[in-house]
Amino acid sequence: MTFRSDADSTASAIILADSYVEVRNFRRAEEVLRAALANNPHDAALLNELARTQHLSGDHHAAERTVRDALSRTPEDAYPMRIYASVLDALGRQGEGLSWARRAVEAAPLDSMTHFEYARLLVSAGDAEAALPVATEALRLAPDDADTHDLMGTVLGMVGRLAESTSEHEMALQLEPGHAQALHNIAVNRVHSRKLFSAVVGFRQAAQLDPHLGDKVRANIAATVRTWLCWTTLAAWLALWILFRVERTGATSRVGRIVAAVGCVVLLVMFGRLARSLPRHLWPVVLRQPGYRSPRIYLGLGVLVVGVLGAFALGAPVNQFILAATLLLAVVVSWVAPRLDKEWLDGVRSDIQ
């Protein structure tokens with residue numbers, strides 16, 4: 001009879017658990033690791049993997065207890081330090097997390113993952129300037145790692161170097177064609193570059209590759225649509241103002257109808273482009289996105305303005321009072337609508353994640 005050593009059983013359990021984690025079956029992965037720990041309760045490697053699994057499943061408090069147990073057995077090991085840093089960050093203890101991430105770098109300065117995790121937590125803390133040299137070192141140590149290129153792209157984007165940022169995300173996609181997060185981050189850069197329609201396409205492709213990005217993608221599509229609707233509102237404001245000025249100067253009704261027709265066509269083209277970029281089934285999701293009231297308000301105003309301009313262009317009696325009232329409404333909506341959204345209430349500058 002052949003007996004397996006503890007090392008063999010530990011390695012087998014970790015490999016099997018990892019295979020379950022890959023398909024996000026965290027419950028089964030934890031069962032495998034706990035069964036292995038029942039035979040070897042003090043194995044630090046098993047404790048590390050259990051903590052990682054608990055952390056990835058969202059059970060951060062359990063992960064903290066487990067990784068502290070692992071650290072008590074291997075206090076100089078950088079791997080549990082990295083896990084602990086990430087867990088603390090997830091628990092909202094950002095300062096402690098950064099401290100442990102820094103300790104992991106000091107314990108294993110040639111391990112690219114320690115630099116990666118430290119840079120990731122610095123990004124999470126919003127300190128892109130500090131993250132840049134750390135991410136650069138991670139990339140030097142692991143030049144062929146897709147996640148590291150993607151992280152570098154995020155850091156570069158945060159410091160305003162969008163072209164370099166997009167290049168890094170594209171490199172991540174070359175190394176790993178199914179890298180959904182990199183595709184998502186390219187879409188974020190497109191938003192910041194005002195390429196809104198291609199951004200929406202990128203967000204949708206990212207969600208198709210990784211359905212677990214769904215919440216983030218839905219929020220970002222809603223934010224992108226809101227930006228386009230805001231521009232549409234400004235176009236409506238401009239069209240109404242020009243028409244109002246034309247009417248005030250006493251120009252012929254034919255001139256006014258031409259101005260109204262042009263404004264109406266411009267708005268319809270803008271709405272049409274948006275409608276083509278977003279499938280019909282996504283509109284209810286966007287309009288009901290928690291924390292975003294302005295898209296519904298912008299759409300309502302757009303329909304009203306198109307109606308007023310269309311009626312004027314067709315020769316219907318639209319007096320200056322109606323024009324002035326609609327113009328005032330457009331101005332008020334331009335100021336009020338975005339302030340109804342969650343990011344204004346929370347004091348956040350940008351909601352593109």
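Bear in mind these aren't lab numbers, they're just calculated from the coordinates by the rules spelled out. None of these values were measured; they are calculated from a predicted model. We place every Cβ from the backbone using ideal geometry, glycine too, and count neighbours over all the protein chains shown.
A compact table of results
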| item | result |
| --- | --- |
| Peptide ranges 256-268, 180-192 listed from the most packed, as the mean C-beta count within 10 angstrom indicates | 180-192, 256-268 |
| Radius of gyration and maximum dimension Dmax of segment 193-250, Cα, Å | 17.5, 59 |
| Value of relative contact order over segment 1-135, rounded to a whole percent, pairs C-alpha under 8 Å and six or more apart | 14 percent |
| Mean Cβ neighbour count within 10 Å, used as a protection proxy, ranking 283-289, 151-157, 67-73, 96-102 highest first | 151-157, 96-102, 67-73, 283-289 |
| Vicinal HN-Hα couplings computed from phi for segment 69-80 (Karplus, 6.51 cos²θ - 1.76 cosθ + 1.60; Hz; Gly/Pro x) | 5, 4, 5, 5, 9, 9, x, 9, 7, 6, 5, x |
| Inter-label distance for residue 195 and residue 241, nm, one decimal - labels placed 7 Å from Cα along Cα-to-Cβ | 3.0 nm |
| Among 134, 332, 159: highest mean-square fluctuation, GNM of the chain, C-alpha pairs under 10 Å | 332 |
| Mean separation of Cα contacts under 8 Å, 6 or more apart, over the residue count of segment 150-209: relative contact order % | 28 percent |
| Rounded D (µm²/s) - segment 165-268, Kirkwood Rh over Cα pairs, Stokes-Einstein at 4 °C, 1.567 mPa s | 81 µm²/s |
| Radius 10 Å from Cβ of residue 156, net charge of other residues (Lys, Arg +1; Asp, Glu -1) | -1 |
| Per-residue [θ]222 nm for the chain (sum of -39500 (n - 2.57) over DSSP H runs n ≥ 4, rounded to 500) | -25500 deg cm²/dmol |
| The chain: relative contact order in percent, alpha carbon pairs under 8 Å with at least 6 residues between | 9 percent |
| Dipole in debye (nearest 20) - the chain, about Cα centre, beta carbon charges: Lys, Arg +1; Asp, Glu -1 | 2600 debye |
| Amide H contacts under 5 Å for residue 40, placed H, 5+ residues apart | none |
| Projected-area average for segment 150-209 over all orientations - Cα convex hull basis, square nanometres | 3.4 nm² |
| Note, ³J(HN,Hα) from phi for segment 142-156, Karplus 6.51, -1.76, 1.60, rounded to Hz, x at Gly and Pro | 9, x, 10, 8, 5, 4, 5, 4, 5, 4, 4, x, 5, 4, 4 |
| Over the chain, equivalent-ellipsoid semi-axes from the Cα gyration tensor in Å | 55, 19, 17 |
| Integer Hz, Karplus 6.51/-1.76/1.60 couplings in order for segment 86-92, x for Gly and Pro | 5, 5, 4, 4, 5, 7, x |
| Relative packing of peptides 56-65, 197-206 - highest average C-beta neighbours within 10 Å first | 197-206, 56-65 |
| Given charges at Cβ of Lys, Arg, Asp, Glu: the chain dipole, positive-most of 189, 221, 92 | 221 |
